[in-house]
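Notes follow once the structure below has been shown.
Values quoted throughout were computed directly from the atomic coordinates according to the rules given, and no laboratory measurement underlies them. What you see is a predicted model; the values in this text were computed from it and never measured. Cβ placement follows ideal geometry from the backbone for every residue including glycine, while neighbour counts extend to all protein chains displayed.
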Amino acid sequence: MESLIVIGHIVVAVGIIALVLIQQGKGAEAGASFGGGASQTVFGSGGSGNFLTKATSFFAVIFFASSFALAYFAKEKATGIVDAGLPTIEEVQVIQPVDSEVPVLEQVFPATTEAPVVD
């Protein structure tokens, strides 16, 4: 089921990219006066803006729905790991530091308050 949602998610994402690239910008109406407006007759007298805008918003709703579905599946997988027999925070023992023969940094380099003398 999850793989079908991932495939659909990718197809919808590519569809959104294609629809956004097909749409014309706000300044595209100026080019229509020089003969570029004849290509919009396929979508009717209103042009392609209304159809492409609705199609883009439809694809965006599907994209968000599939994103939420994929997030739900990821959450289910993440909570399944906790139940796999791993110890909880209460079960983990705190390890106490062990005395060692390694000198402490303050013993190796004692702190001095005197400023170095430069000649």
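Structure values in brief
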| item | result |
| --- | --- |
| Packing-based exposure ordering (other Cβ within 10 Å, fewest first) of Val117, Val11 | Val117, Val11 |
| Residue exposure sequence - Thr88, Thr53 - by fewest surrounding Cβ within 10 Å | Thr88, Thr53 |
